Amino acid sequence: MPNWCSTRYACTGDQNELQSLYERMNRLAQMKEPLKPNGFGTTWLGNLVEDLGVDFNKVQCRGSWDGLELDGGVLRFWTETAWYRCTEVEDLIKEKYPSIEIFFLCEEPGMCIYEKNSDVYFDEEYIVDYSAGDRYYLSEAGALNELSEIFGIDFADIDEAMILVSEHNDKEDNDDDQIYVHKFELVD
């Protein structure tokens, strides 16, 4: 069983190409049956690959999309995929729609992957994640504020806060009381 990777996308480019990709993905999502049998349904990334004219067996496409919307010249959706984001599907979209630029924010906690390629479309810098269930996507200032409220201390910087987070987690025997702070790495 894989670890699941969540990726949010924001796509920009020629409005006609964005509209075409949106309509294609929306049509596939509305189908009663997927193009090929799979465990993900009609929003399986393999359906998109096949509809773009490529054999799904030749492209890593284990996952699905959801939350499709086209608003203000930006196509947005998110995916749940095995292990990592499906970069081969991204490459295929860019091949078929050359004007489209793909921006993403990707997280796969099991492998400690926290990446994004845009501060414009994804301004989150950190995730403050509580084992008990709460999760916050924050700027550095927001993360410092959240941690300051938890510990009742005004931190000078994130490094100082991380020292106290580490000490706190080392002392806590109950997993539900752990606090995890992850920084999104800006990648090309």
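The values are calculated or read from the model by the stated rules, or taken from the named source; none is laboratory data. Source: prediction; values computed, not measured. Cβ atoms come from the backbone with ideal geometry, glycine included; neighbour counts cover every protein chain shown.
Among the candidates Ile100, Ile150, single out the residue that is not basic (Lys, Arg) and not assigned by TED's automatic domain parsing to the domain that holds Gln19.
Exactly one residue qualifies, and that residue is Ile150.
Name the helices (runs of 4 or more DSSP H) wholly within the stretch 1-111 that hold at least 2 residues that are among the polar types (S, T, N, Q) and either out of contact with any strand residue (DSSP E or B) (no Cβ under 8 Å at 6 or more places or on another chain) or within 29 Å of His182 (Cβ to Cβ) (or both)? Spell out how you get there, then give the answer.
Numbers: elements: 15-30, 45-51, 87-96.
Those helices (runs of 4 or more DSSP H) span 15-30.
Condition check ((1) among the aliphatic types (A, V, I, L, M); (2) touching a residue at least 24 places away in the same chain (Cβ under 8 Å); (3) in contact with a Phe, Trp or Tyr (Cβ under 7 Å, 6 or more places away or on another chain)) across all residues:
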| residue | (1), (2), (3) |
| --- | --- |
| Cys86 | no, yes, no |
| Leu105 | yes, yes, yes |
| Glu146 | no, no, yes |
| Met162 | yes, no, no |
query: All but one of (1) more than 30 Å from Leu18 (Cα to Cα); (2) outside any helix (DSSP H, G or I); (3) at pLDDT 95 or above; (4) out of contact with any helix residue (DSSP H, G or I) (no Cβ under 7 Å at 6 or more places or on another chain) hold for Gly142; which doesn't?
result: (2)
task: Go through the residues of the stretch 135-144 one by one and say whether even a single one is of a type in the set (Asp, Glu) and without any contact (Cβ under 8 Å) to a residue 24 or more places away in the chain.
output: yes
From Asp119, Asp176, residue being assigned to a helix (DSSP H, G or I) and touching a residue at least 24 places away in the same chain (Cβ under 8 Å): Asp176
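Looking at the stretch 77-111 only, could you name the residues that are at positive phi and crowded, with 20+ Cβ neighbours inside 10 Å?
Applying the first criterion (at positive phi) to the stretch 77-111 yields 83.
Result: no residue meets the conditions.
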